[in-house]
1. P(r) for region 1-131, please, calculated from all Cα pair distances in 10 Å bins and given in %.
2. What's the percent breakdown of Cα-Cα distances in the chain across 20 Å bins, shortest bin first?
3. Whose amide H sits under 5 Å from the amide H of T88, counting only residues 5 or more places off or on another chain, with H placed in the peptide plane?
4. Between R177 and M15, what FRET efficiency comes out of the Förster formula 1/(1 + (r/R0)^6) with R0 = 45 Å and r the beta carbon distance, rounded to 0.05?
5. Please work out how much length the chain gains when fully extended from F132 to A184, using 0.36 nm per residue of separation minus the C-alpha to C-alpha distance, in nm with one decimal.
6. Would you kindly derive the ³J(HN,Hα) couplings of region 51-63 from the backbone phi angles with the Karplus curve 6.51 cos²θ - 1.76 cosθ + 1.60 (θ = phi - 60°), listing them in order in whole Hz, with x for Gly and Pro?
7. Based only on the alpha carbon positions, what is the Kirkwood hydrodynamic radius of region 98-273, in angstrom?
8. Considering only region 98-273, what is the antiparallel percent among its DSSP beta bridges, to the nearest 5?
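No value in this document is a laboratory result; all are computed from the given coordinates. Since we're looking at a predicted model, the values are computed, not measured. No Cβ is skipped: glycine too gets one built from the backbone with ideal geometry, and neighbour counts run over all protein chains shown.
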Amino acid sequence: MASADVWLPIPPAEMDGLPESFRYVHWDGEEEFPADPADCVFYAVPYLKGPAVAVRPLAHMPNVRVVQTLTAGIDHVESAVPQLPRGTLLCNARGVHDASTAELALALALASLRGIPSFVRAQDAGRWRQAFRPSLADRTALIVGYGSIGAAVEDRLVPFEPEAVHRVARTARTAPRGPVHTLADLPRLLPGADVVFLTTPLTDATRRLVDADFLSRMKDGALLVNVARGAVVDTGALLAELESGRLRAALDVTDPEPLPGDHPLWKAPGTLITPHVGGPTSAFMPRAKRLLRAQLRRFAAGEEPENVVAAAG
């Protein structure tokens, strides 16, 4: 190997404090590779460029030791893990998107509950149209996927004075704000929830977790807020509930994604859709740079990086 290269989707000149023991290469998904991928030991995946771009160089990186995503989810690169060199670590960006995604989750919930889309349409038409709308105050919220993003949602939710907040994750535990239940407790918790926030990663256990049975257990008039991944929800089952008017939804992610212009979800009653914008905000870049600097310093010192979610081999 001629050199120990680090591939970054951010120009290295824009990042202070990088370890001097590596050669830094900028690649953000362009067709041409900027250097020989065989020399890469640390690969930071381009952000929001899709799975085809994310995994394309990996087949040519026999010496890569760390693959670092800039997303909380790793589903766009997970398929490449079995082909990575033995011992290569896959790390996610836990912590980078907590604030931005939690902000959007609350914005979606508030906008949907308080009828902001209908008021915007009335404004466009020059109409003063008052309405009585539900509030977050005195409501019960359920957070499905209580990791760092789920906890950040609760931190921002509490000042709105909900009656109760219930938490669900893969394993039961006690968090600073209270008990965390398992997925097995969902049938008991869903009927009492006015707002259900989805913040879970996409895994085999959570793919289409929100199916017809899950949705049928939600109370009439409840709101589903999805800032996780589109495939966590069975779109057909959700459409049936929305078109009946029984449930409402506020979705930053959909399945399929991007959502085709003629898809019925766009016009489903009680539905608010944003185009997967939970992460890309002004908060992203400084936090992404801090993560990459910290990970590279640990790597240069011979320490295991943080946020390891998988290891090849």
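1. 11, 33, 23, 12, 12, 7, 1
2. Computed distribution, short to long bins: 31, 51, 17, 0.
3. Residues meeting the criterion, in which the H sits 1.01 Å from N, are A312.
4. Numbers: r = 35 Å, r/R0 = 0.77.
Step by step, r from the Cβ atoms, then E = 0.80.
5. Working: separation 52, 0.36 × 52 = 18.72 nm, distance 3.60 nm.
Additional length available on full extension: 15.1 nm.
6. x, 4, 5, 4, 8, 4, x, 4, 5, 10, 10, x, 10
7. Working: mean 1/r = 0.0611 Å⁻¹.
For region 98-273, inverting the mean 1/r across all distinct Cα pairs yields 16.4 Å.
8. Values: 3 of 27 bridges.
Bridges in region 98-273 that DSSP calls antiparallel: roughly 10 percent.
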